[in-house]
Amino acid sequence: MSEIRATTISDAAGTGPIALTKQSAAKAWVNFNGVGTVAVRDSENVSSLTDNGTGDYSFSFISNVTYPYSFQGSSGDHTSTSTTIRVVVLAAETEAPTSSGFRVFSFTSAVAKFDTDYGFITIHGDLA
């Protein structure tokens, strides 16, 4: 089996990294802490996280992503002993997603907003 190792793959002109357009790679993802002082643990193409209140978060992209894009989200609470299902949903009914960012709510299965210990979001689409 062949193996390719590289630090940077440049564009055809050799002036920068390749653009991930028309490919199936995620255009943005984020792993965040939504409890107490909210913070991004790690991310790709996410510049900021804003805490809008209990279970309510906004994110901005570094490079715009053409809307409509596909959104997947999940969340969890490492301190809970219950089997409550926890989800992160796109908050499109209060603020439409845009090419520069999106807003999400985290809910329990009892449809109560909660601050999530672990939030995970992935965006698939095309860079603008």
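Taken together, the values in this text are just the output of simple stated rules run on the coordinates, not laboratory data. What you see is a predicted model; the values in this text were computed from it and never measured. Because the Cβ atoms are built from the backbone with ideal geometry, glycine has one as well, and the counts that use them run over all protein chains shown.
Couple of notes before you dig in:
- Note that region 28-127 carries a Kirkwood radius of 13.5 Å, evaluated over its alpha carbons pair by pair.
- For I18 and E95, the FRET efficiency from 1/(1 + (r/R0)^6), where r spans their Cβ atoms and R0 equals 41 Å, is about 0.80.
- Amide H contacts of G101: F61, each under 5 Å away and 5 or more positions distant or on a separate chain (H built 1.01 Å from N in the peptide plane; Pro and chain starts excluded).
- Here the gap between T7 and Q72, fully extended at 0.36 nm per residue and compared with their Cα-Cα distance, gives a gain of 20.5 nm.
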